[in-house]
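Here is the structure we will look at.
Each value in this text was obtained by applying a stated rule to the coordinates, not by laboratory testing. This structure is a prediction, so every number in the text was calculated from the model and none was measured. Cβ placement follows ideal geometry from the backbone for every residue including glycine, while neighbour counts extend to all protein chains displayed.
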Amino acid sequence: MLLFKLFYHINSLFHILLLKCMYGNSLQIGRHVHFRKGFTLLLDKGAEVSIGPGCFFNNYCSIVSHDKVVIGGGTIMGEGVKIYDHNHCYADVTIPIKEQGYTSKPICIGQHCWIGSNVMILKGSTIGDNCVIGAGCIIHGNIPNNTVLMNRQDLLVRKV
């Protein structure tokens, strides 16, 4: 088990170095940030991503930014978390969607949050500090500090 952890820590360091070479000052990554396999980070020209110290990204997480994404320190992500700060425009039915461009708004995720597996965080969302976002939730809007958000088949529950 120790060798397994060591492998992922070394792999994270190389991954961070590669990402910093690709994106330069557009990407800020704090100390002790770790990624497991399949982590993807894509920044459009002019976009910014800031990841606080001590964050953890489990297998197959991705961040795609056309604007700005900020993730507070100590936040952990389950497998398959997707973060998108933009969306396709689609209002004009006479123009193909892929030619209509994008709209974007920043995303801010607070400190010490736990984002469950397969959560999708959409443009303009803000998640406060110390929040727990249950597996499979789709986040669009503001989640206050210290909130536990669960997604059940027939019910979306917000507890404070």
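Given a Förster distance of 35 Å, report the FRET efficiency between Leu3 and Ile138 from their Cβ-Cβ distance, rounded to the nearest 0.05. Spell out each step's value before the answer.
Details: r = 37 Å, r/R0 = 1.06.
Given R0 = 35 Å and the Cβ-Cβ separation, E is 0.40.
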| Computed lengthening from Ser50 to Tyr102, 0.36 nm per intervening residue step minus Cα-Cα distance | 16.6 nm
| task | Go through region 45-50 residue by residue and turn each phi into a ³J(HN,Hα) via Karplus (6.51, -1.76, 1.60, θ = phi - 60°); whole Hz please, and just put x for glycine and proline. | result | 4, x, 7, 9, 9, 10
| Normalised contact order of region 11-87, rounded percent, pairs of Cα under 8 Å and 6 or more residues apart | 27 percent
| note | Of the listed pairs Lys5/Lys68; Lys45/Lys98; Lys45/Lys123; Lys20/Lys123; Lys5/Lys105, those with alpha carbons more than 27 Å apart are Lys5/Lys68; Lys5/Lys105
| Sequence-separation-based contact order of the chain, relative, with Cα cut under 8 Å and 6+ spacing, percent | 14 percent
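Quick one: grab the alpha carbon gyration tensor of the chain, order the square roots of its eigenvalues as a ≥ b ≥ c, and give me rounded if a/c is under 1.5, else prolate or oblate depending on whether a/b is larger than b/c. Don't skip to the answer; put the middle values down first.
Working: a/c = 1.82, a/b = 1.15, b/c = 1.57.
Oblate is the answer for the chain, as a/c is 1.5 or above yet b/c matches or exceeds a/b.
Among the chymotrypsin sites (Phe, Trp or Tyr not before Pro) in region 58-112, which ones are in a DSSP loop with at most 13 other Cβ atoms within 10 Å of the Cβ? Mind listing them? Can you show the working numbers first?
Details: sites: Tyr60, Tyr84, Tyr90, Tyr102; in loops: Tyr60, Tyr90.
Listed in order of number, the matching sites are Tyr90.
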| task | Could you check the simple spin-label distance between Ile10 and Met150, using points 7 Å along Cα→Cβ, in nm with one decimal? | result | 4.2 nm
| said: Skipping prolines and chain starts, which residues have an amide H placed within reach, meaning under 5 Å, of the one on Ile71, given they are 5 or more residues away or on another chain? | reply: Ser50, Ile51, Gly52, Ile109
| request: Report, by chain and number, residues whose modeled amide H sits under 5 Å from the one on Ile121, excluding near sequence neighbours (fewer than 5 apart, same chain). | output: Lys82, Ile83, Tyr84, Ile139
| message | Given the DSSP H assignment, sum -39500 (n - 2.57) over each helix run of at least 4 residues in the chain and divide by its residue total; what's the result at 222 nm in deg cm²/dmol, nearest 500? | response | -5000 deg cm²/dmol
| query | Which shape class applies to region 33-76: rounded if a/c is under 1.5, otherwise prolate when a/b exceeds b/c and oblate if not, where a ≥ b ≥ c are the square roots of the Cα gyration tensor eigenvalues? | reply | oblate
